[in-house]
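*Asks:* The structure that follows is given in the form of structure tokens.
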Amino acid sequence: MADDIHEVIVVSEQSRPLDDMTCEQAAAPDEFDPMLTVVQVLGVSSEDETIACFLSGELSSQRFGQDLRSHLAAAGRAGQLLTHPDLSDAGANLARRALLAVTRGYGENRDLFENFPTHITWTWAVLSADEAASVRYLDYSYWVELSGGNRRPTDAAVRIKAGLRAFDVPNEPFVDAAHAVIRGERFPPLILVGERQDNLVCLEGHLRLTAYALAGFPTDIECLIGTVPDVGRWTR
């Protein structure tokens, strides 16, 4: 499964890529996912919002952004579909879902979303430093190599600081992003998936997660968390 090895960080004024008008309203406490018992929960989200956030992040990816823009143009859609998503527009939600399917295999059991679970509960949350440090990378050869085999961003940070590269891919993007973290710049949210909050895998935002680790997780991290009772083989 491929992922954002050379993702480019785009700093926004807000940590969420979607403004408040496009986000679901925060839920009452009894509406929160019961599997999220430790992290600071901000509110409920949805599959449509998660897709919109994912595609927003992909736009800033050096590796995947151009392909996404090409498919967007081929579909006859303007960039506003991704930069200013209207979650109340059912047609636009379907168009974004189709884009994620053609570019990354969403809903088609292939590429990044091979063996990806369905019926996920999505929640906005904030991770503490310790919680963020426990998030694992996707089981993809580059991230396994970068972390020395255990898929932990903290171990990847140690190896990067030691000058070790994965498959001879330069580490400068991680270092640059870590400097931005230290300067207090704010990034789009991570998108994480797991059976529970202490066993999460990064779906989108690997470079940002690594940058936080390099900087020592100096701040809490806003994220979208998807939980499902049986994640299955996707999070191996």
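*Asks:* Do the conditions hold for Ala78, that is, is it modelled with pLDDT of 50 or more and not basic (Lys, Arg)?
*Replies:* In short, yes.
*Asks:* Name the pairs whose Cβ atoms lie under 7 Å apart, with the first residue in the range 126-141 and over 19 Å from Glu195 (Cβ atoms), the second open to solvent by 40 Å² or more (accessible area, probe 1.4 Å) and not in a strand (DSSP E or B), and 6 or more positions between them or separate chains?
*Replies:* Close Cβ pairs satisfying both conditions: Val126/Asp220; Ser128/Asp220; Tyr140/Met1.
*Asks:* So, in the range 47-86, exactly how many residues are open to solvent by 30 Å² or more (accessible area, probe 1.4 Å) and over 18 Å from Phe187 (Cβ atoms)?
*Replies:* Total meeting the criteria: 17.
*Asks:* Right, another one. Considering Leu190, Leu200, which residue is in contact with a strand residue (DSSP E or B) (Cβ under 9 Å, 6 or more places away or on another chain), modelled with pLDDT of 95 or more and open to solvent by less than 10 Å² (accessible area, probe 1.4 Å)?
*Replies:* Going through Leu190, Leu200 in turn, the sole match is Leu190.
*Asks:* Restricting attention to the range 145-185, report how many residues are without any contact (Cβ under 8 Å) to a residue 12 or more places away in the chain, open to solvent by 80 Å² or more (accessible area, probe 1.4 Å) and either β-branched (Val, Ile, Thr) or at positive phi (or both).
*Replies:* Here the count works out to 2.
*Asks:* As an exercise: evaluate Val201 against (1) part of a helix (DSSP H, G or I); (2) over 16 Å from His179 (Cα atoms); (3) not hydroxyl-bearing (Ser, Thr, Tyr) and give the number of the one condition it does not meet.
*Replies:* Just one mismatch for Val201, condition (1).
*Asks:* Filter the range 116-158 for residues that are farther than 24 Å from Asp168 by Cα, part of a loop (DSSP other than H, G, I, E, B) and among the polar types (S, T, N, Q) and give the result.
*Replies:* Result: Thr118, Ser128, Ser134.
*Asks:* For the range 105-116, how many residues meet the condition of being surrounded by 16 or more Cβ atoms within 10 Å (Cβ to Cβ) and in contact with a Phe, Trp or Tyr (Cβ under 6 Å, 6 or more places away or on another chain)?
*Replies:* Adding up the residues that qualify gives 4.
*Asks:* Quick one: which of Ala166, Ala213 is part of a helix (DSSP H, G or I), out of contact with any strand residue (DSSP E or B) (no Cβ under 6 Å at 6 or more places or on another chain) and more than 19 Å from Val41 (Cβ to Cβ)?
*Replies:* So the residue among Ala166, Ala213 that is part of a helix (DSSP H, G or I), out of contact with any strand residue (DSSP E or B) (no Cβ under 6 Å at 6 or more places or on another chain) and more than 19 Å from Val41 (Cβ to Cβ) is Ala213.
*Asks:* Next up: Answer yes if at least one residue in the range 144-167 is among the charged types (D, E, K, R), at pLDDT below 95 and under 26 Å from Asn109 (Cα atoms), and no otherwise.
*Replies:* Within the range 144-167 (the criterion being among the charged types (D, E, K, R), at pLDDT below 95 and under 26 Å from Asn109 (Cα atoms)), the answer is no, since none of the residues qualifies.
*Asks:* To continue, here is another question. Among the residues of the range 100-115, which ones are assigned to a helix (DSSP H, G or I), among the basic types (Lys, Arg) and over 16 Å from the mean Cα position of the chain (by Cα)?
*Replies:* Within the range 100-115, no residue meets the criteria.
The values are calculated or read from the model by the stated rules, or taken from the named source; none is laboratory data. Since the structure is predicted, the reported quantities are computational estimates derived from the model, not experimental observations. Note that we place each Cβ from the backbone using ideal geometry, even for glycine, and neighbour counts take in every protein chain shown. Accessible surface is based on the protein model in full, side chains and every heavy atom, while ligands, DNA and RNA are left aside. Shrake-Rupley method; radii C 1.70, N 1.55, O 1.52, S 1.80 Å.
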